[in-house]
Amino acid sequence: MSETQWNVENQEGKGSHVEIPEVLPLLPTRDIVIYPYMMLPLFVGRDVSIRAVEESLSRDRLIFLVAQKNSSEDNPTPDGIYRIGTVASIMRMLKLADGRVKVLVQGLSKGEVESYLRQRPFFEVKILKVMEPALQEASIEVEALMRNVKEKIEQILNLKNLPPEIVMVTDNISDPGVLADLVASNLRLKIEESQGILEIFDPVARLKKVNELLSRELELSTVQARIQNQAKEEMSKTQRDYFLREQLKQIHQELGEGDERSEEMHELKKQMEKAKMPPEVKREAEKQLKRLEQMHPESSEASLVRAYLDWLVDLPWSKKTKDNLNIQKAKGVLDEDHYNLEKVKERILEYLAVNKLRRKIKGPILCFVGPPGVGKTSLGKSIARALGRNFVRISLGGIRDEAEVRGHRRTYVGALPGRIIQGIKQAKSNNPVFMLDEIDKVGTDFRGDPSAALLEVLDPEQNHAFSDHYLNLPFDLSNVLFICTANLLDPVPPALADRMEVIQLSGYTNEEKLEIARKFLIPKQLEDNGISTSILEISNDAVLRIIAQYTKEAGLRNLEREIASICRKVARKIADGKKDLTRVTRANLHLFLGPPKFLPEAEQEQHEVGVATGLAWTSAGGEVLYVEASLSKGRGNLTLTGQLGEVMKESAQAAVSYARSHAKKLGIEEDFYQKLDIHIHVPAGAIPKDGPSAGITMAAALISALTRRAVSRDVAMTGEITLRGRVLPVGGLKEKCLAAFRAGIRRIVIPDRNQKDLEEIPKPLRRKLGLVSAKNMSDVLKVALLDKTKIRKKKSAGVFTSARKSKPTKGKRWRRREKPQEKVRRERVIPLRA
């Protein structure tokens, strides 16, 4: 909208020169209130408004302009339009290319809507002309009020640098009502305020209201002008401050007093003395302090040197915490926080014992390797609490820049020390327990290899003089107890893994999970959810069922989530006013957690030819793995299915080669590979599988198919096979034995060289399992394959009904018993590693 114009000549009788009819088309305006004698262009775009303009032009060019209450409303109703408006004359009209109409209007007089005659296709209203009370004679009070308003307008114009022509217009106005309308139209008022002024019919009262608004606007303009002047003076102020500061410095020198900068330097010297830096570090700090004294305080170099000195004085060069050397107390803290994990606890207590005897030893570099959720990170906090040391943890997951470890050089803008030095500063002592979490997730790209930078940090022979790029000074990390955590050791570079003392944390057994849930998880969740033991009881059978059928993990995170879910449902009941005791049992568990999420692998119903039971290791624990072998007439092709990895495929080929080379000994036709096609399949084909430990399982399934001797369903096996038939050791024995036990298999064939790993299996579980060691494949086949005579006896006794129990009638055949209904098996989605 263009700038408003005013026609104030002969304003006393302007409205009376034009005869205003009672019925006029109405045009609702947005964001503006039109006053009498006000001339301005309007852009009309709504169809209803354009029709109103056209109707006005077809009559006497008069139209009633009223503001609408909500400017965002496109189709206002009579309730959404104010009652008081202005009768205006359309001076000019222009149709625009986009369909809109531009009209130049001039206000004539005020009017009030009496009634709406029509709303479509345009608003037409019956109006009452508003006659303002005439001012007989201008009193001194009115004159003073008008003069006050004019003076304020001049002040605002001076502050906003507006043209002086507006002052000339106001000087020619003698009517207080017209002056009030003129000022109100030029102030940036809200639509409600402008409409309020229009609805005040008394000229003097209207001018008083405008005077109040003008005072507020003058105050705002004064503040705005002051802010602008301050911004302009900011540059010159910096220059002036410099000269004043130099003069003040000279005055202080003449008076023999120290200035603020001198006090700052003196404070830095005191902090350097208090930090008890090594001689080399102290020399560098004093050198940088002398440089800082000679620099101008506002220079960028001064701020960099000051930041560097702050880092030097804040680092704990000589501060250390006193170790808790009471071994029994430390053991109590470790047992209080974690169940089992004897290897880790024993190692920490050994470190304490040596420290107690020698007092000065280097901190060990430990690496906890285990599946997620077994307590690696929380174990670090517990160790720090047991030793009485500060604890710092940094996550290395996703770090790809070497500078994250070693820091940036000070030449770079925004340079900082690396995460190691930052952690030491955070710990406020030089002997904290420092946890490097997820060390197997460190990446590499064009910015360097962070794992290579960790070689110096985690080497006890080098870390006594660790040099960060930012400090460029040696810092002693030999007192730090570094603890690294990893899910797998394979991604860790060999040179880095060699520097760490690796402690394997295997998954928990169901009994161990039950104990941990009883001692730690359930009390913690009860406290977190505000529930007492008198309101909720969870039975041991219910916890075991949660472990077996609602979670599938080596750790405890999902178990804790399921327990928390039960607590939340009970908390909801309490909030509803039901405070009676809730008992969660095996029978009603599904009411809290829904149907089971994981069902155990369906066991074989009978001894089958060509199907052997293997064991696999996954990141979530052990798994039972079935291997199927079938033969068909062909030319000796070998087909392998089930999404097998390269190592597993090679194990299958080694099994076939073993069968071929020992065919005569096994009672197989020596040229079987020329007449038969062999197909080896491992079910659950959507899950990737790899590793050599399924070698003897594949060989047993294949030889079973070739000899037509069934494999015992009560035997599970694991081990790698060679071409000579030797059985080589494998890993993850504890998890595999747990998987077999959960599946109801009590006899397990393991490699002879794995007997050393039996100590890892809990004694109660070992007593329940029949572990058979095998040196070569013939030992495996003796246990796994059944004699054909035994199978016939079992079939005659179990599959067919006995003749003694029911006499056969003539012409009727023996009937087989119906097969038991097959158990439901859910698809697993955890990658396997045989």
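A Förster distance of 35 Å, applied to the separation of the beta-carbon atoms of Arg30 and Arg147, puts the FRET efficiency at 0.50. Under the convention that each Lys and Arg Cβ holds +1 and each Asp and Glu Cβ holds -1, the size of the dipole of the chain around its Cα centre is about 8660 debye. Backbone geometry of the stretch 349-355 corresponds, through the Karplus equation with coefficients 6.51, -1.76 and 1.60 at θ = phi - 60°, to 3J(HN,Hα) couplings of 5, 4, 4, 5, 4, 5, 5 Hz, x marking Gly and Pro.
Modelled spin-label separation between Lys276 and Asp47, with each label point placed 7 Å from Cα along the Cα-to-Cβ direction: 8.9 nm.
Distances between placed amide hydrogens fall under 5 Å for Ala774 paired with Ile750, Asp752, all partners being 5 or more residues away or on another chain.
Summarising the strand pairing of the chain, around 60 percent of its internal DSSP beta bridges are antiparallel.
Could you state the angle between the C-alpha long axis of helix 279-294 and the longest principal axis of the C-alpha atoms of the chain, as a value from 0 to 90 degrees rounded to the nearest 10? Result, in degrees: 10. Spatial offset of the stretch 675-710 relative to the stretch 640-669 amounts to 8 Å, using the alpha carbon center of each. Among residues other than Ile535 with Cβ under 11 Å from its Cβ, the summed charge is +2 (Lys and Arg +1, Asp and Glu -1).
Other residues within the sphere of radius under 11 Å centred on the Cβ of Lys126, judged by their own Cβ, net out at -3 (K and R +1, D and E -1). Mind checking which of Ile191, Val101, Pro121 is farthest towards the positive end of the chain's charge dipole, using Cβ charges of +1 (Lys, Arg) and -1 (Asp, Glu) about the Cα centre? Ranked along the dipole, the leading option is Pro121. The GluC sites (Glu not before Pro) found in the stretch 269-339 that occupy coil by DSSP, while having at most 13 further C-beta atoms within 10 Å, are Glu298.
Sorting Arg83, Arg767 by accessible area puts them as Arg767, Arg83; the probe is 1.4 Å, largest comes first, and only protein heavy atoms count. Counting protein heavy atoms only, the chain has 49 percent of its accessible area on carbon and sulfur, 1.4 angstrom probe. Among beta bridges identified by DSSP and lying wholly in the stretch 393-529, the antiparallel ones come to about 30 percent. With the dipole of the stretch 275-323 worked out from charges on the C-beta (+1 for Lys and Arg, -1 for Asp and Glu) around the Cα centre, which of Leu289, Trp311, Thr321 lies farthest toward the positive end? The listed residue farthest towards the positive side: Thr321.
Amide H to amide H, with H built 1.01 Å from N, Ala710 comes under 5 Å of Leu786, counting only residues 5 or more places away or on other chains. The residue among Asn172, Phe475, Phe741 whose Cα reaches farthest toward the positive pole of the charge dipole of the chain, with charges on the beta-carbon of Lys, Arg, Asp and Glu, is Phe741. In plain terms, the chain from Leu57 to Lys126 could stretch by 23.1 nm, reckoned as 0.36 nm per residue minus the Cα-Cα distance.
Residue pairs exceeding 21 angstrom between C-alpha atoms, taken from Lys322/Lys362; Lys322/Lys356; Lys519/Lys734; Lys689/Lys775; Lys322/Lys360; Lys524/Lys734: Lys519/Lys734; Lys689/Lys775; Lys524/Lys734. Here the stretch 739-789 is assigned +1 on the Cβ of each Lys and Arg and -1 on the Cβ of each Asp and Glu. Its dipole about the Cα centre then comes out at about 220 debye.
Looking at the stretch 558-652, the trypsin sites (Lys or Arg not before Pro) that sit in a DSSP loop and have at most 16 other Cβ atoms within 10 Å of their own Cβ are Lys578, Lys579, Arg586, Lys597, Arg635.
Based on Cα contacts under 8 Å between residues 6+ apart, the stretch 275-327 shows a relative contact order of 51 percent. Each Cα pair under 8 Å and six or more residues apart adds its sequence gap; the mean of these over the residue count of the chain is a relative contact order of 7 percent. FRET efficiency for the Ala205 to Asn229 pair, using the beta carbon distance and R₀ = 30 Å, is estimated at 0.20.
Legend: P(r) of the chain from all alpha carbon pair distances, 20 Å bins from 0, whole percents, reading 11, 23, 18, 21, 19, 7, 1. Taking the Cα centroid of the stretch 487-563 and of the stretch 30-109, what is the distance between the two, rounded to the nearest whole Å? Rounded to whole Å, the Cα centres lie 75 Å apart. What the phi angles of the stretch 169-178 give under the Karplus curve with 6.51, -1.76 and 1.60, with θ = phi - 60°, is a coupling list of 5, 5, 5, 7, 8, 10, 8, x, x, 5 Hz, glycine and proline written as x. Remark: the stretch 28-133 carries a charge dipole of roughly 220 debye about the Cα centre, counting +1 on each Lys and Arg Cβ and -1 on each Asp and Glu Cβ. The 1.4 Å probe gives accessible areas that order Asp541, Asp437, Asp498, largest first, as Asp498, Asp541, Asp437. Find how many whole Å separate the alpha carbon centroid of the stretch 365-390 from the alpha carbon centroid of the stretch 278-311. Taking the Cα centre of the stretch 365-390 as reference, the centre of the stretch 278-311 is 39 Å away. Panel values: the stretch 75-135, Kirkwood radius from alpha carbon pairs, Stokes-Einstein at 25 °C and 0.890 mPa s, translational diffusion coefficient 178 µm²/s. Cysteines in the chain lacking any other cysteine Cβ under 4.7 Å from their own Cβ: Cys567, Cys737. Placing pseudo-labels 7 Å out from each Cα toward the beta carbon at Asn75 and Arg359 gives an inter-label distance of 9.3 nm. Computed from backbone phi with θ = phi - 60° and the Karplus coefficients 6.51, -1.76 and 1.60, the 3J(HN,Hα) list for the stretch 697-711 is 5, 5, 5, 5, 5, 5, 5, 4, 5, 6, 8, 6, 9, 6, 8 Hz; x is used for glycine and proline. Per residue, the accessible area of the chain comes to 54 Å², computed with a 1.4 Å probe over protein heavy atoms only.
The values are calculated or read from the model by the stated rules, or taken from the named source; none is laboratory data. It should be emphasised that the depicted structure is a prediction, and the values quoted were computed from it without experimental measurement. All Cβ positions, even for glycine, are placed from backbone atoms using ideal geometry, and neighbour counts span all protein chains on display. The area values use the complete protein model at the heavy-atom level, side chains included, leaving out ligands, DNA and RNA. Shrake-Rupley method; radii C 1.70, N 1.55, O 1.52, S 1.80 Å.
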